[in-house]
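> First the structure, which I've put down as structure tokens, then a few questions once you've had a look.
The values are calculated or read from the model by the stated rules, or taken from the named source; none is laboratory data. Just so you know, these numbers come straight off a predicted model, no measurement behind them. Here Cβ is always computed from backbone atoms with ideal geometry, including for glycine, and neighbour counts include all displayed protein chains.
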Amino acid sequence: MTTMTGRVPKGQIFRDLLKSEKPLVLVGAYDALGARLIAQAGAKSLFIGGFSIVGARYGVPDVGLRAYADIAAAVRDIVNACDLPAFVDCDDGYGDVKNVVHTVQGYERMGVAAMMLEDQTWPKRCGHMAGKNVVPVEVMEAKVRAAVSERLDPATFIFARTDARAVHGLDDAMRRAERYLRAGAEGLFIEAPESVDELSRIGRAFSGVPLVANPLEGGKTPLLSPAEFAELGFTVIPYGITLILHAANAMQKAIVDITSGAFARRDAAMEFRDYLDVIEEPSWAKIQDKYGGV
């Protein structure tokens, strides 16, 4: 399927990647610079999650302090920075079914390829933090039905996430996942299983369904390799917070290096010329040279 402009919709590209990439490994971008670096590294898709966005853009934890308008501003910047199909974590849709539809359609208009909705109560929390709760299963089912039925493009891929493992146990989480599939979700994410055995149970129970595994540094889920997750039945592996952890560490060390007067880390930085290449300065220079002006 192609659009009137002759371009394949991003949602269809993402669907094709689910079939061709076993598993589909995604690096999480939290800003436009990261998106450019991910694309220039040869990635085929990317992930966008709220944890990194609210930390980088607003300096706050992922505990419901920022909602759709705040996060959407970052998503727009990231999507505009490269042509990769983006998989976006939409939290709980930021309200009731009306808000879910508003969120899904808003992201579709930005060019987002795939989205994930979760069943946490608001204010939500990072899936590997304590203090979570979940809504009644019927509330989430309604959100899934609304998202799937009211999306602007049937190619837009909708995942459903449940955080019930930490609240009511794995059995309840798996029952919820089954109901979300029946409500129309096309892929599933059971957040924060705590052992390889739990991961294996999930993979066996939902064989053939696109499954997300979240190898979060310092989190509750075992940090397996992508190949090991694939062996257990998982098909989408987003590294949602890896870049921000590395970036924060590098910035912290650079700040100490400068403020201490040591200046011992100058050679650890990216070269100025290489940075200009990342942000595509040469192409803008060519436009300036071609058309002139001041």
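> Within region 35-46, does at least one residue satisfy the condition of being in a loop (DSSP other than H, G, I, E, B), among the polar types (S, T, N, Q), under 19 Å from Pro215 (Cβ atoms) and under 13 Å from the mean Cα position of the chain (by Cα)? Let's see the steps before the verdict.
Taking region 35-46 as the starting set, the residues that turn out to be in a loop (DSSP other than H, G, I, E, B) are 41-45.
Narrowing the set further to residues that are among the polar types (S, T, N, Q) leaves 45.
From what is left, the residues that are under 19 Å from Pro215 (Cβ atoms) are 45.
Filter once more, so that each one left must be under 13 Å from the mean Cα position of the chain (by Cα): 45.
Within region 35-46 (the criterion being in a loop (DSSP other than H, G, I, E, B), among the polar types (S, T, N, Q), under 19 Å from Pro215 (Cβ atoms) and under 13 Å from the mean Cα position of the chain (by Cα)), the answer is yes, since at least one residue qualifies.
> Could you say which residue among Glu108, Glu191, Glu118 is at pLDDT below 95 and touching a Ser or Thr at 6+ places or on another chain (Cβ under 9 Å)?
Going through Glu108, Glu191, Glu118 in turn, just one is at pLDDT below 95 and touching a Ser or Thr at 6+ places or on another chain (Cβ under 9 Å): Glu191.
> Just a yes or no: is a residue in region 231-254 at pLDDT below 95, out of contact with any Leu (no Cβ under 9 Å at 6 or more places or on another chain) and assigned to a helix (DSSP H, G or I)?
Within region 231-254, not a single residue is at pLDDT below 95, out of contact with any Leu (no Cβ under 9 Å at 6 or more places or on another chain) and assigned to a helix (DSSP H, G or I).
> Can you find a residue that is assigned to a loop (DSSP other than H, G, I, E, B) and either free of Cβ contacts under 8 Å to residues at least 12 places away in the same chain or more than 17 Å from Leu117 (Cβ to Cβ) (or both) anywhere in region 177-188?
There is no residue in region 177-188 that is assigned to a loop (DSSP other than H, G, I, E, B) and either free of Cβ contacts under 8 Å to residues at least 12 places away in the same chain or more than 17 Å from Leu117 (Cβ to Cβ) (or both).
> Is at least one residue of region 49-56 more than 22 Å from Leu216 (Cβ to Cβ), in a helix (DSSP H, G or I) and touching a helix residue (DSSP H, G or I) at 6+ places or on another chain (Cβ under 6 Å)?
No, every residue in region 49-56 fails to be more than 22 Å from Leu216 (Cβ to Cβ), in a helix (DSSP H, G or I) and touching a helix residue (DSSP H, G or I) at 6+ places or on another chain (Cβ under 6 Å).
> To continue, here is another question. Mind telling me which of the residues Lys286, Lys220 ends up being basic (Lys, Arg) and in contact with a helix residue (DSSP H, G or I) (Cβ under 9 Å, 6 or more places away or on another chain)?
After applying the criteria, what remains is Lys220.
> Quick one: count up the residues across region 221-265 that are surrounded by fewer than 15 Cβ atoms within 10 Å (Cβ to Cβ) and among the acidic types (Asp, Glu).
1
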